[in-house]
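Quick notes on the structure that follows.
Bear in mind that the values in this text are calculations on the coordinates, not laboratory data. Source: prediction; values computed, not measured. Positions of Cβ are backbone-derived with ideal geometry, glycine not excepted, and every protein chain shown enters the neighbour counts.
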């Protein structure tokens, strides 16, 4: 293993320690990741986690951090713990200086005039942004196959999906193209990709991380969160991006708990951990179920009490989700009409009316899954159908919240598999939207209730050798519990495996001929 | 443009009973917009008072302007409304380029204020109660200008320009319940109601309340039913009637038009109508049905607004004197008779008179100028008196010149015309036009002697003690000096000349 290969496999926490100790510079670290991206991301069999690589700016920020450290004194002492640690950002989150596409043709070439609040916080912490990661168009999908810029591949098996919508962020972290990434989670878009790529992903409590600058799919469900290789790394990143933001009215006023301390302390002794009866068993792959049971056994050995809870209304969650999410999305995506920014397509024939220009732009600019959801949502909000669809779905949402309340009266933390199956083959469910939607059955309830969830690697399924995700759920505002339990389970599992799960992933063939096929290089042509 | 048939207003009233309803949009004068920190300023370069939120950029979120909420609560309280303990915003979805998000954030089924009323005093002192259904908050849309094509409409235009400066400006929409029983007073009531709303929001200080700038905009609903029938007729909604006079005229016109339609046996079409000031008529706009589907749903990017009772009471305590009470106070302060004061109110110059008095004029002088000079000019120009652009300072300056004997009243009226024509300040116009009362007695005495010589019999009468006959001589002197003499001085000189005690 080359020196760089050692560097890129370090956790963010370990990198931060080495940077602070002066054992390595941020430019060296950042360059190592940029080299890795160039080596594994492009080409016909590349991971294709990135839509844009931000080489110049990332290196400039890294050099700035190195200069501050070298000069010493107060500015060096005041540097954030993660200063100089690079990060990738899901291309749903707007950034000054880089294109933001949301994985859609309709925003091709668009540059945001403002930074998302979370991006501002990354910049304040002086974390070099490596680039923007691939996603299902407008975050609508569970496989990243709905990206207008081609699918991302799963580093564990390049013929399989990396999950979605945040497949780019999860694959980038799994393929050691970045130590950290930002994702967004509306129905599982952080946690399910984490599960199928053997990485950690967290959907924070709704309102605990600002949504300002995350292109909205479903406003009442969307939440930005961390993607990483370890539980502690997610806690470190969560701490950077979280906290109140006056630009987001749904942002909670509460200060964040010390999530990093929770991840470092890690303790389950005497805790009640609840298995959700409705979220395992039938419909779940045998290998997923086996790894899930092993995790339960380990937690029991560590002193946790395992109890079973029932959430009877979870069976309606998927149906209600597919009314609320498209309803909000149909309205949120109305602004993409070719009038002010992004793609504008003129109809082929006369007359050239505003309605027809908007229509032609949206017909050409949106992909099938986006159109499917816009049509569904427009229908659900229509006069005469509103009460039956949107109204009923909101009632189900209340019932799901009550189920959670009842469950958390019996358990401190709930546990389930993150996804019913391991990564499926690219193309396998592309023409079967319902099968695709079912992949989110275990992650959706948390979004419907606003509670936080964390997915961490639970091992490899016996039948296919692919990663299985374990999901932890906590009451709203109790994100710290996820890190406390997650850190324990992670250390017990890694002790069993003899190291991180990602060590078991196959080596990726590296290409030194072609750099990554990114928007940047496309633009240069 | 086809002209619709109309009945005479009198005939329409004989046959039908009008029912009115108003939606008045009030633009609030907050420093920033309803949901963004961009400035809320009128008249700037297009698309300069905008930020990413007003432009509907990807990823933006709204944040409610607290001052706008306070202003809305104040309006609700002034309209005797109940204030909702919690209320929400909704999204009104429609594709049109004046809304950058292709939805308008507006209150829908949860208005901040509801169930109020406003007592409207008509010109003869009758008080008519208008019931307020609701006052809700929303954001204004951008301004579209359609270039080429006919009549400034989007249909047939070559292209359209959009200015998002107005996009996101806070609005309060005040909706009345159906107003029944106004009969032939309907047009007058319409004008008086909008005037009262404008007065209230101006008095509260929550809006600049300038109708010519669109700060207060009125949509007027009119329907007719045969006398004695309970069920309402089909209504038309005349949009953006933007002056008090236009409100009165539009309601009157629509009553006459509806009556003609009903007389012909045709049904009235439910539609929006456009008001045309030039022809004083309306033309058909968009067919509107209650089935327009805006797919309203609660705005998920905003949390509910909670108006605690303590907060509402704090705001109630800050409310200024209600306009009706203010009117009583002003009438007493100014010493106008009931008739004089009602004329002032009906002419819509009460605020102007108050400002003129504040600028230094007496109540009598202010009334003389506004009622005697300016109201008539406004009528000729077909605008509201306040819109003529007469500044209180101008009146004070003119009056000072008259009192100092520099110019007489006739000249002052001429100077006022000059000011309105934009020729400069009163002093400049007096100078430019060479208007000054002749104060050198020499030329006056010549004219007096000539006048006395021309009318010896009148001179004898005066000498004989019939001083009241002096008017004929004064008139001749004024004529000879083309009105430039000070009549008072002329009188003195004549008496002096004839050796008679005044």
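Once you average over the residues of B:96-102, how many Cβ atoms of partner chains fall within 10 Å of each Cβ?
5
How far is the Cα center of region A:50-97 from the Cα center of region B:1-77, in Å?
46 Å
How much length is gained if the chain between residue B:95 and residue B:155 is pulled fully straight, taking 0.36 nm per residue apart and subtracting their Cα-Cα distance, in nm to one decimal?
20.1 nm
Using only atoms on other chains, find how many Cβ atoms lie within 10 Å of each Cβ of peptide B:294-304 and report the average.
That works out to 6 on average.
Could you check the spin-label model distance between residue A:353 and residue B:270? Points 7 Å from the Cα along Cα→Cβ, value in nm.
So the two model labels end up 2.3 nm from each other.
Residue A:340 to residue A:379: FRET efficiency via 1/(1 + (r/R0)^6), r the Cβ-Cβ distance, R0 25 Å, to the nearest 0.05?
0.40
Along the Cα→Cβ direction, 7 angstrom out, place labels at residue B:466 and residue B:144. What is the inter-label distance in nm?
Rounded to a tenth, the inter-label distance reads 7.7 nm.
Let me have the 222 nm mean residue ellipticity of the protein assembly as shown computed from DSSP H runs of 4+ only, each contributing -39500 (n - 2.57), with the sum over all residues rounded to the nearest 500.
-11500 deg cm²/dmol
How do the peptides B:307-320, A:7-20 rank, highest first, by the average count of neighbouring beta carbon atoms within 10 Å per residue?
Result, highest mean first: A:7-20, B:307-320.
When a/c reaches 1.5 or more, the comparison of a/b and b/c decides; with that in mind, is region A:381-424 rounded, prolate or oblate per its Cα gyration tensor?
It comes out oblate by the Cα gyration axes.
Compute the separation of the alpha-carbon centres of region B:85-128 and region B:343-420 and state it in Å as a whole number.
That distance is 37 Å.
Working from Cα positions, state the angle (0 to 90°, nearest 10) between the long axis of helix B:487-498 and the longest principal axis of chain B.
Tilt relative to chain B: about 10 degrees.
Please work out whether region A:235-340 counts as rounded, prolate or oblate from its C-alpha gyration tensor, where a ≥ b ≥ c are the square roots of the eigenvalues and a/c under 1.5 means rounded, while otherwise a/b larger than b/c means prolate and anything else oblate?
Verdict is oblate for region A:235-340.
Less than 12 Å from a label point 7 Å out along the Cα-to-Cβ axis of residue B:263: which backbone N atoms in region B:1-45 qualify, by residue?
Within reach of a label on residue B:263: B:5-16.
Within region B:362-385, what residues put their amide N at less than 18 Å from the label point 7 Å along the Cα-to-Cβ vector of residue B:413?
B:365-382
Which whole-number value in Å³ per residue fits the convex hull of the alpha carbons of region A:128-247?
Dividing the Cα hull volume of region A:128-247 by its residue count gives 94 Å³.
Test of understanding: what is the full-extension gain from residue B:109 to residue B:500, defined as 0.36 nm times their sequence separation minus their Cα-Cα distance?
Stretched fully, the residue B:109-residue B:500 segment lengthens by 132.5 nm.
Using Cα pairs under 8 angstrom and six or more residues apart, how large is the relative contact order of chain A, in percent?
Relative contact order of chain A: 19 percent.
Run the quick spin-label model on residue B:208 and residue B:391: label points 7 Å from Cα toward the beta carbon, then report their separation in nm to one decimal.
The modelled label-to-label distance comes out at 1.7 nm.
Which FRET efficiency value, to the nearest 0.05, is calculated for residue A:258 and residue A:9 with the Förster distance at 41 angstrom and r the Cβ-Cβ distance?
Efficiency computed from Cβ-Cβ geometry: 0.90.
Please average, across the residues of A:216-222, the number of beta carbons from any other chain that are within 10 Å of each residue's own beta carbon, and give a whole number.
Mean shielding by partner chains, rounded to a whole number: 3.
Remind me, what semi-axes does the protein assembly as shown give for its equivalent ellipsoid, largest first in whole Å, using sqrt of 5 times each Cα gyration tensor eigenvalue?
75, 32, 26
To the nearest 10 degrees, how steep is helix B:470-480 against the longest Cα principal axis of chain B, on a 0 to 90 scale?
70 degrees
Only Cα pairs under 8 Å and at least 6 apart count here; give the relative contact order of region B:9-315 as a rounded whole percent.
It rounds to 24 percent for region B:9-315.
I'd like the FRET efficiency for residue B:42 and residue A:71, computed as 1/(1 + (r/R0)^6) with the beta carbon distance as r and R0 of 45 Å, rounded to 0.05.
That pair, residue B:42 with residue A:71, gives E of 0.30.
What is region A:343-469's relative contact order, in percent, from Cα pairs under 8 angstrom and six or more apart in sequence?
18 percent
In terms of the Cα gyration tensor, with a ≥ b ≥ c the square roots of its eigenvalues, is chain B rounded because a/c is under 1.5, prolate because a/b exceeds b/c, or oblate?
Prolate, because a/c is 1.5 or more and a/b exceeds b/c.
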